[in-house]
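Please read the structure below before turning to the comments.
The values are calculated or read from the model by the stated rules, or taken from the named source; none is laboratory data. Just so it is clear, the structure is predicted and the values come from calculations on it, not from any experiment. Neighbour counts are summed over all protein chains in view; Cβ atoms, including those assigned to glycine, are modelled from backbone coordinates with ideal geometry.
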Amino acid sequence: MRRTHRCGEVTKKDLDKNVVLNGWVKRTRDLGGMLFLDLRDISGVVQVFFDNEKTELYEAAKKLRMEDVIEVTGQVRAREEKNINPNMSTGEIEVGATGLTVLSKSEVPPFVISDAENASEELRFEYRYLDLRNEKAMNAMVLRSKAVMKVRNYFQRHNFIDIETPILNKSTPEGARDYIVPSRIHKGKFYALPQSPQIFKQILMVAGFDRYIQMARCFRDEDLRADRQPEFTQIDAEMSFIEQEDIFEIIEGLMVELWDLIDVKLSPPFPRLTWQEAMERYGTDRPDTRFGIELVDITKAAQETGLDMFKGENNVTKAIVAPGASEWSRKVIDELTEEAKKMGAKGLLWIKMEETEVKSSILKTLGEEKTRTLAVAAGAKTGDVALIVSDSFLKASKVLGHLRLVTGEKLELIDKNKFNFLWVYDFPLFEWSEEEQRYSATHHAFTSPREEDLDKLETSPESVLSQAYDLVCNGTELGGGSIRIHRPDIQKKVFKALGISEEEAEEKFGFLLKALKYGAPPHGGIAFGMDRIVAFLAWEDSIRAVIAFPKTTSAYCPLSDTPSEVGTKALDELNITLKK
Ligand code: ASP
């Protein structure tokens, strides 16, 4: 028998039709003499009805267990008025069974599919095929497929060419650690899995492809923090003969189409903030603008108090105001202080502007009047709390940027139904790494300095701004990119500033440097975390929910028990001996 309908697609217009359905038994309810069965496939659920007149059939149905795979033949009929379920696409009908075939039995599943969210993640990943049967999980994958189609169509319409770049690459670790693959043929040598197709897409521009796009699988061997995956998908794009503005326009158009999938209308152009402004106002390069509370610089007012703690040479004093938070208990203030310290602050000053009095961590030292003046400088009114940090610009900004988010959550100021996009640009080209005592690239080594900063590359690298940009949504970085260096002489200077010797540059990136000598067009591009975008569209917090076969936070796949050991034969062929 061939299937005539998918379960979720049988409706009132099929009344009296004979149908053949396939699917999984979601559940059965035996009311003694009649048995209702919910049959599920990817399209939804339909109610099947067995009555005991046809005894053999009824007895067979009674033996069905959750997740058995069956074929049902039957006739569509209207449900009784009182049984109509307006929440189901098939809620007005049911199928009176006339035949039943068990196609496959199921063992008792380790969790009930519709209750998968209450099972542990490890268990869900081990039985991911069951986890994916859950409507929400399945819908997320369907949505992902639609999003991928959108992306491909969009870029094709805009003359982008889809090109695959190699997975077996040269190891050129900069940002993260590479995943390494030993070569059998070239003994003692290794390939690396791509962290991004960066160099190849630039070389494609040199080749003259003009506009490139790829859904690129990327690999980074990092210690997995919260929501990272060792492999992930990027929408990777590159364009020639363009400026930053062209990238913004193309990408804004793409976001409009993607968010259209969930009926959210975005209206570009998205707001733009320089990195400096983002740090000053929000204390982060990925501001969440769904709520107010901006950072205020109160250095002057702080210095006027005469207190030593505000006087350090490179000190700035910054503040945020938690509106109407003067009811906060000591416990909340302690919590915030802990958060500030976790971010590296020496401490947190707070001033509570209560109805009748001022309370503060510096009341004793400063006295009421000066304390009040400081709070007012921060913009606090009666009923508010001012939180103050005095430190270097970056430290004070970052600490308060974090406290701003904590405050926004605590006071429930964040509208979770909003999507606030914005661009951050004019990033510093380099950032100083205390740990390594050298500069590293803020974006990556191929990012172009701003034209007007070129002559500062050698004299004051820390003040050079780059042509890098990030797209931020609700405080999350969705993607980032840059206009690239297309002149070998500038590329060399940047390597030098990064402390990469000529030999090292030649050894690692020689093939790019060579390509740049053969007519490289000005070019730039961007890459987006596809997983993150789909998670947003699916209203999921974690990217794991929108990846078919995700790994755990320890980069482990419980489904296939990966990674695993390999036999001595394979190791021998690779000329590899494992250390004891
Ligand atoms: N390749 C960069 C990254 O993966 C993005 C870009 O510059 O296009 O972050």
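Candidates are the residues of the range 447-463 that are outside any helix (DSSP H, G or I) and of a type in the set (S, T, N, Q); the one that is nearest to the ligand (Cβ to nearest atom) is THR447. Summed over the range 483-523, residues that are polar (S, T, N, Q) and in contact (Cβ under 8 Å) with a residue 24 or more places away in the chain total 1.
Taking the conditions exactly as written (in a helix (DSSP H, G or I), within 16 Å of the ligand (Cβ to nearest atom) and either touching a residue at least 40 places away in the same chain (Cβ under 8 Å) or not small (Gly, Ala, Ser) (or both)), does GLN202 satisfy them or not? Answer is yes for this residue. Answer with yes or no whether VAL472 is in contact (Cβ under 8 Å) with a residue 40 or more places away in the chain, touching a helix residue (DSSP H, G or I) at 6+ places or on another chain (Cβ under 9 Å) and crowded, with 18+ Cβ neighbours inside 10 Å. Here the answer is yes, as VAL472 does meet what is asked. Annotation note: Cβ proximity below 8 Å between a residue of the range 144-173 that is in contact (Cβ under 8 Å) with a residue 40 or more places away in the chain and surrounded by fewer than 12 Cβ atoms within 10 Å (Cβ to Cβ) and a residue that is in a loop (DSSP other than H, G, I, E, B) and not polar (S, T, N, Q) (sequence gap 6+ or interchain) occurs for ASN159/ASP210. When LEU422, LEU413, LEU429 are checked against the criterion of being among the aliphatic types (A, V, I, L, M) and either within 25 Å of GLU339 (Cα to Cα) or without any contact (Cβ under 8 Å) to a residue 12 or more places away in the chain (or both), LEU413 stands alone in meeting it. Criterion applied to ALA538, ALA527 was being under 26 Å from LYS201 (Cβ atoms), surrounded by 14 or more Cβ atoms within 10 Å (Cβ to Cβ) and not hydroxyl-bearing (Ser, Thr, Tyr), and the one residue passing it is ALA527. Give the number of residues within the range 482-537 that are within 29 Å of the chain's Cα centre (by Cα) and either under 23 Å from MET255 (Cα atoms) or among the charged types (D, E, K, R) (or both). Total satisfying the criteria: 18.
Hey, among the residues in the range 205-243 that are polar (S, T, N, Q) and either touching a His at 6+ places or on another chain (Cβ under 6 Å) or modelled with pLDDT of 95 or more (or both), which one's farthest from the ligand (Cβ to nearest atom)?
The initial filter retains those residues of the range 205-243 that are polar (S, T, N, Q), namely 214, 229, 233-234, 240.
So of that shortlist, the ones also either touching a His at 6+ places or on another chain (Cβ under 6 Å) or modelled with pLDDT of 95 or more (or both) come out as 214, 233-234, 240.
Details: GLN214: 11, THR233: 11, GLN234: 6, SER240: 14 Å.
Per the stated criteria, the residue is SER240.
Checking GLY379, GLY401, GLY383 one by one, the residue that is at pLDDT 95 or above, more than 16 Å from the ligand (Cβ to nearest atom) and crowded, with 23+ Cβ neighbours inside 10 Å is GLY401 and no other. The set of residues in the range 375-397 being touching a residue at least 60 places away in the same chain (Cβ under 8 Å), part of a helix (DSSP H, G or I) and closer than 17 Å to GLY312 by Cβ consists of PHE393, LEU394, ALA396, SER397. With ILE262, ILE247, ILE235 as the choices, which residue is within 17 Å of TYR154 (Cα to Cα), β-branched (Val, Ile, Thr) and in a loop (DSSP other than H, G, I, E, B)? Being within 17 Å of TYR154 (Cα to Cα), β-branched (Val, Ile, Thr) and in a loop (DSSP other than H, G, I, E, B) holds for just one of ILE262, ILE247, ILE235, which is ILE262. Of the residues making up the range 425-446, those that are within 14 Å of the ligand (Cβ to nearest atom) and under 23 Å from the mean Cα position of the chain (by Cα) are TYR425, PHE427, ALA441, THR442, HIS443, HIS444. Annotation note: Cβ proximity below 9 Å between a residue of the range 295-312 that is small (Gly, Ala, Ser) and a residue that is loosely packed, with under 15 Cβ neighbours inside 10 Å and not in a helix (DSSP H, G or I) (sequence gap 6+ or interchain) occurs for ALA302/LYS311; GLY312/SER392. Taking the range 464-543 as the region of interest, the helices (runs of 4 or more DSSP H) fully inside it that hold 3 or more residues being hydrophobic (A, V, I, L, M, F, W, C) and either over 26 Å from ARG217 (Cβ atoms) or within 16 Å of the ligand (Cβ to nearest atom) (or both) are 488-497, 502-516.
Would you check which residues across the range 324-359 are of a type in the set (Asp, Glu) and assigned to a helix (DSSP H, G or I) and list them? Residues satisfying the conditions are ASP334, GLU335, GLU338, GLU339. Within the set MET255, MET279, the sole residue that is touching a Cys at 6+ places or on another chain (Cβ under 9 Å), modelled with pLDDT of 95 or more and crowded, with 16+ Cβ neighbours inside 10 Å turns out to be MET255.
Scanning the range 283-295 for residues that are under 22 Å from the mean Cα position of the chain (by Cα), closer than 14 Å to VAL321 by Cβ and not hydrophobic (A, V, I, L, M, F, W, C) yields a single hit, GLY283.
The conditions of being of a type in the set (Gly, Ala, Ser), closer than 23 Å to ALA137 by Cβ and in contact with a Gly (Cβ under 9 Å, 6 or more places away or on another chain) are met by GLY44.
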